[in-house]
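Taking it in order: structure first as structure tokens, then the write-up.
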Amino acid sequence: MGERQPSGRLQGSDRRLILVTPPASPELLVARVVPDVSGLDRQFDYLVPDKLRARVGIGALVRITLNGRRIGGWVVGVGPPDPHIAIDKLLAITKVTGIGPSQEVIDLSRWASVRWAGPLRAFLVSASPPGAVIALPAAASGGVVPEPVHHGARQVLAAGGGVLRLPPAADVTPVVLAACMLGPVLVVTPSVHQARMVAIRLRRAGRTVAVLPNEWAAAAGGVDVVIGARTAVWAPCAGLRSVVVLDEHDEGLQDERQPTWHARDVACERARRAGVPVMLVSPCPSATAVASVGINNVVRPSVGDERAGWPIVEIVDRTREEPWQRSLATSALIRHLRDPQRQVVCVLNTTGRARLLACRSCRAMQRCETCEAAVAQRDDGQFVCGRCSKERPPVCQACGASAFAALRIGVTRLREELEAAAGRPVVAIDAKAADTEAVPDAGVYVGTEAALHRVRRAD
């Protein structure tokens with residue numbers, strides 16, 4: 001087992017080893033390692049074998065022996081042995097797995113571990129590549145940034161950073177291109193899907209892009225844009241010149257697990273440490289974002305541009321209608337469905353045929369005979385209990401009838417109703433299908449939230 005530091009020796013942020021370049025002399029070299037073990041927030045000293053000296057540096061991913069187990073870890077310090085610890089009690093690093101976080105990212109992780117009162121390991125996991133990276137590719141650049149770029153984004157960056165209010169329907173590509181004029185840029189988005197879509201547009205504009213987490217090595221080697229979801233804020237970005245956070249108000253930027261760090265706050269601190277501007281983009285900036293940059297550093301679009309960038313939302317109040325007779329296909333919706341020139345996307349976050357049913361004869365709610373929970377109807381017509389998973393045929397337990405009213409319909413039932421109302425085919429979008437799977441051509445689509453991501457255009 002790697003020798004644990006005695007109680008008289010400070011650890012972690014209280015004391016660090018002197019960070020030096022491994023010497024060429026035969027003097028002993030010790031690496032301080034953070035073990036990749038959940039629930040263990042300690043650091044241990046290990047000897048660096050002569051054959052591994054050239055590869056053991058700050059951030060290197062290594063394999064060590066701890067308590068008889070072979071585990072992974074991160075090197076967070078390199079220096080001479082501690083005179084308070086006997087050399088013969090130190091074990092040696094057994095293997096160097098590959099390249100890991102840089103010194104700057106490790107220091108940022110130390111700050112985050114104090115800011116959110118979490119173990120250092122949790123942040124190092126987010127900052128590490130998904131697989132072993134032995135060598136980095138050569139840097140790649142797209143050259144001159146093409147026009148047009150966003151005028152408001154250039155204004156924010158020229159002022160040293162701030163908040164850019166951008167309508168939700170606006171294209172973010174010119175915003176990122178404005179940041180590219182300063183040099184390599186780190187872009188953080190709420191979702192991986194959004195990052196991939198923005199990356200496609202940036203590549204069409206001639207930029208070299210690394211999408212995290214799969215292209216971690218390319219990001220470390222050097223590209224024009226490093227982009228990804230929440231954890232991309234810890235990603236390497238060679239020659240970083242600016243940081244951009246898209247939709248900073250989105251809750252997807254905050255980790256739901258402990259520690260619950262927020263990518264916006266990490267991005268602001270990383271930009272401050274690097275001395276580069278940070279641009280927080282949002283149609284409705286959060287109070288935290290405005291407070292972090294100051295009210296005077298918020299750039300707003302013109303009233304006309306902002307109104308044009310927001311969609312028109314029409315709300316149909318149907319609370320007074322009889323639930324036994326109404327359908328989700330209202331008269332206003334049917335007019336859009338029957339227009340062959342319009343492509344319509346209907347979103348309903350309820351899978352199956354129906355989630356709540358009642359008998360049309362006796363109006364009895366259909367419940368599970370075991371646990372009394374409301375039953376749902378699957379696509380094959382069978383009733384299934386969402387609580388205990390018991391199945392039964394679609395027959396009323398009170399009167400034996402087989403005709404039911406769907407009080408809360410699902411996507412399958414809605415597709416049938418829309419197809420009957422539209423008079424043209426309606427395609428159901430399956431959330432289980434891969435994002436790369438082609439969506440059939442149709443004028444009307446229906447599905448859960450996945451339809452918003454997989455259907456490219458809608459009127």
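The values are calculated or read from the model by the stated rules, or taken from the named source; none is laboratory data. The model shown is predicted, which means the values in this text are computed figures rather than measured ones. Every residue, glycine as well, gets a Cβ built from its backbone with ideal geometry; the counts of neighbours run over all protein chains shown.
Numbers below:
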| item | result |
| --- | --- |
| Any hit, segment 115-123, residues being part of a loop (DSSP other than H, G, I, E, B), farther than 24 Å from residue 281 by Cβ and of a type in the set (A, V, I, L, M) | yes |
| Condition check for residue 273: closer than 23 Å to residue 227 by Cβ, touching a residue at least 60 places away in the same chain (Cβ under 8 Å) and loosely packed, with under 15 Cβ neighbours inside 10 Å | yes |
| Candidate set: segment 99-130, residues that are among the small types (Gly, Ala, Ser) and under 20 Å from residue 212 (Cα atoms); chosen: the one surrounded by the most Cβ atoms within 10 Å (Cβ to Cβ) | 100 |
| Residue, farthest from the chain's Cα centre (by Cα), within segment 340-353, restricted to residues that are of a type outside the set (S, T, N, Q) and surrounded by fewer than 14 Cβ atoms within 10 Å (Cβ to Cβ) | 340 |
| Check on residue 139, in the same structural domain as residue 203 (by TED's automatic domain parsing), touching a residue at least 60 places away in the same chain (Cβ under 8 Å) and of a type in the set (A, V, I, L, M) | no |
| Among the candidates 133, 78, 96, residue that is under 30 Å from residue 181 (Cβ atoms), in contact with a strand residue (DSSP E or B) (Cβ under 9 Å, 6 or more places away or on another chain), surrounded by 14 or more Cβ atoms within 10 Å (Cβ to Cβ) and in contact (Cβ under 8 Å) with a residue 12 or more places away in the chain | 133 |
| Where a residue in segment 167-191 is on the phi > 0 side of the Ramachandran plot and its partner, wherever it lies, is modelled with pLDDT of 95 or more and charged (D, E, K, R), with Cβ under 9 Å and at least six apart | 183/224; 183/241 |
| Answer from 157, 108 - the residue that is within 23 Å of residue 270 (Cβ to Cβ), hydrophobic (A, V, I, L, M, F, W, C), assigned by TED's automatic domain parsing to the domain that holds residue 186 and in a helix (DSSP H, G or I) | 157 |
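Residues are listed down the side, and each one gets a yes or a no for (1) over 31 Å from the mean Cα position of the chain (by Cα); (2) surrounded by 17 or more Cβ atoms within 10 Å (Cβ to Cβ):
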position	(1), (2)
259	no, no
277	no, yes
284	no, no
292	no, yes
330	yes, no
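To keep it simple, each residue is scored yes or no on (1) modelled with pLDDT of 90 or more; (2) among the hydroxyl-bearing types (Ser, Thr, Tyr); (3) over 30 Å from residue 454 (Cβ atoms).
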| site | (1), (2), (3) |
| --- | --- |
| 344 | yes, no, no |
| 349 | no, no, no |
| 360 | no, no, yes |
| 378 | no, no, no |
| 395 | yes, no, yes |
| 407 | no, no, no |
| 412 | no, yes, no |
| 421 | no, no, no |
